[in-house]
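See structure below.
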Amino acid sequence: MHAQAIRQAFLEYFVEQGHQIVPSSPLIPRNDPTLLFTNAGMVPFKDVFLGLETRPYRRAVSSQRCMRAGGKHNDLENVGYTARHHTFFEMLGNFSFGDYFKREVIGFAWRFLTERLDLPPEKLWITVYEEDDEAADIWINEIGIDPARLSRCGEKDNFWSMGDTGPCGPCSEIFYDHGPHIPGGPPGSPEADGDRYIEIWNLVFMQFDRDSNGALTPLPKPSVDTGMGLERLAAVLQGVHNNYDTDLFKPLIAAAAQLCGKAYGRDMATDISLRVLADHIRACSFLITDGVLPANEGRGYVLRRIIRRAVRHGRKLGMETVFFHQLVAPLVAEMGSAFPEFTRAQREVERALEREETRFRETLERGLSLLEEAIAGLAAGAAIPGEIIFRLADTFGFPVDLTADIARERDLIMDMGGYEAAMATQRSRSRAAWAGSGEIKTERVYHDLAMRLPATGFTGYTACAGEGKIL
Ligand code: ATP
Ligand code: MG
Ligand code: MG
Ligand code: MG
């Protein structure tokens, strides 16, 4: 079953259950400066859950584009290494705003997976919050789950909250067992970290309101928020373990492999780099489509970091010239029909990527030589000196996570203390230089302000277009 058909089947199933289809919002949350990116399907509905906004429906379904790179949810480091993490992905979700609750949502999820998609029940494992007897009872006594495949877990994985205060509640997650040939234990077990049992769907029961003392009061009308990664479900339905082997990624990996003259599936390092390219072209293209451009701070800096990471992996695969933008066309071919705004932004996306890569390539080679020299004599487990990490960032435009990515490949660690110290020295040096330059007073004031305040960014691309798009 192709990803496109899976997305469609999900939306249709929930329409049949009385849900309203709500199109995906952009990756930049509207009216929420506290959040870097839309990182879950519920984000566009936050004010509805908080009771600040009403909608003409009480049941909604969406396939929301999400970004988890930077901020509270950051999966950037996992990309290429686990079978299941991306920076950009789509979250399928159904929502109840004070309408149905636990019994109905568990039933919907179970029937969608086992009846509509025909997944074998014995491959599905369930977790509930340790104190949520109600959910455990529904799963065991109404759905008929074998108690051996249900576990109770603690707050970290099975209790959700919107913030320190406000709506919160237990959740219940559904995992798919990809089989004994893959290392990893069942959810809730000490070996659960592996990739054998992959979490596919999180059902959140918004049941309480938490006040500033931490006290929980039951909400008069509890709500439901669910999220299932389209890419993970596609892997299950296409009979592959790794998301990168689904139809969502295969054409991108093939295009990247062809561009670099490499083969996929032969050696680990090449495969990781090809997966990184496939992931990052999606993330970068959708960020630019939604109005983000490379910058030195905030959202634009996340984009810059992702582009530069991709360029470094491309270079590792032998790409000596500007190439990354050439992966936009294969992506548009795959995703353009589901996201028409993306097709319209194609040229702009390509130009922005080309500009950023051209710029980074001016310093990339010299930065890499500096790094190679510095680590040449280091044994496995040693640290890249903070001074080098700082110079790479300051002079050669290497974001710290890019250097960390190289460190990981070489079995090295990062001397972040030394990096902070080098940065502090640089700051005080530039302050001292300024103090001695005999400038007039007002400029001194501006300089002090510039030193104290965070960097500012150009917001015209997002602020002027209203919708946060640059079309
Ligand atoms: P994991 O434990 O595997 O990192 P999660 O618990 O962080 O997942 P949730 O926050 O519960 O994930 O998000 C709901 C669903 O979204 C997950 O069950 C999964 O299917 C999907 N999902 C979450 N993070 C990613 C990601 N980085 N890439 C792809 N899909 C994801
Ligand atoms: Mg996670
Ligand atoms: Mg999880
Ligand atoms: Mg989860």
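For segment 18-94, state which chymotrypsin sites (Phe, Trp or Tyr not before Pro) are in a DSSP loop and have at most 14 other beta carbons lying within 10 Å of their beta carbon. Of the chymotrypsin sites (Phe, Trp or Tyr not before Pro), the ones in loops of segment 18-94 whose Cβ has at most 14 other Cβ atoms within 10 Å are Y81.
Can you give me the Rg/Rh ratio for the chain, using Cα atoms for both radii and the Kirkwood formula for Rh?
0.99
Inter-part distance, segment 345-421 to segment 60-116, computed on C-alpha centroids, equals 33 Å. Over all distinct Cα-Cα pairs of segment 116-179, the Kirkwood formula returns a hydrodynamic radius of 12.7 Å. Using a probe of 1.4 angstrom, how much of the accessible area of the chain is carbon and sulfur, in percent? Carbon-and-sulfur percentage of accessible area, whole number: 50. Of T38, T395, T54, the order by accessible heavy-atom surface (1.4 Å probe, DNA, RNA and ligands excluded), from most exposed downward, is T54, T395, T38. Taken over segment 100-241, the alpha-carbon convex hull comes to 112 cubic angstrom per residue.
For A383, the residues whose modelled amide H falls within less than 5 Å of its own, excluding neighbours fewer than 5 places apart on the same chain, are I413.
Residues whose amide H lies under 5 Å from that of L219, counting only those 5 or more places away or on a different chain, are F208, D209; hydrogens are built 1.01 Å from N in the peptide plane. The value obtained for segment 77-146, namely the Cα convex hull volume divided by the number of residues, is 158 Å³ per residue. Taken over segment 328-418, the percentage of Cα pairs per 5 Å bin, counting from 0 up to the bin with the maximum distance, is 3, 13, 19, 16, 10, 10, 10, 10, 7, 2, 0.
When the charge dipole of segment 224-339 is built from unit charges on Cβ atoms (+1 for Lys and Arg, -1 for Asp and Glu) and taken about the Cα centre, the candidate among T226, A283, G298 whose Cα reaches farthest toward its positive end is G298.
All other residues with a Cβ under 12 Å from the Cβ of A83 taken together, and with Lys, Arg as +1 and Asp, Glu as -1, what is their net charge?
-1
Principal semi-axes of the equivalent ellipsoid, √(5λ) from the alpha carbon gyration tensor of segment 200-250, are 37, 10, 7 Å from largest down.
For segment 1-153, the Kirkwood hydrodynamic radius comes to 17.3 Å, computed from all pairs of different C-alpha atoms. Looking at segment 1-63, the accessible area is 50 square angstrom per residue; that uses a 1.4 Å probe and ignores ligands, DNA and RNA.
Within the shell defined by Cβ-Cβ distances under 13 Å, the residues around D157 carry a net charge of -4, with Lys and Arg each +1 and Asp and Glu each -1.
Would you mind getting the accessible area per residue of segment 313-443, heavy atoms of the protein chains only, 1.4 Å probe, in Å²?
Details: 6740 Å² over 131 residues.
Averaged over the residues of segment 313-443, the accessible area is 51 Å².
The values are calculated or read from the model by the stated rules, or taken from the named source; none is laboratory data. Here the structure is a predicted model, which is why all the values come from computation and not from measurement. Here Cβ is always computed from backbone atoms with ideal geometry, including for glycine, and neighbour counts include all displayed protein chains. With ligands, DNA and RNA removed, areas are computed over all heavy atoms of the protein, side chains included. Shrake-Rupley method; radii C 1.70, N 1.55, O 1.52, S 1.80 Å.
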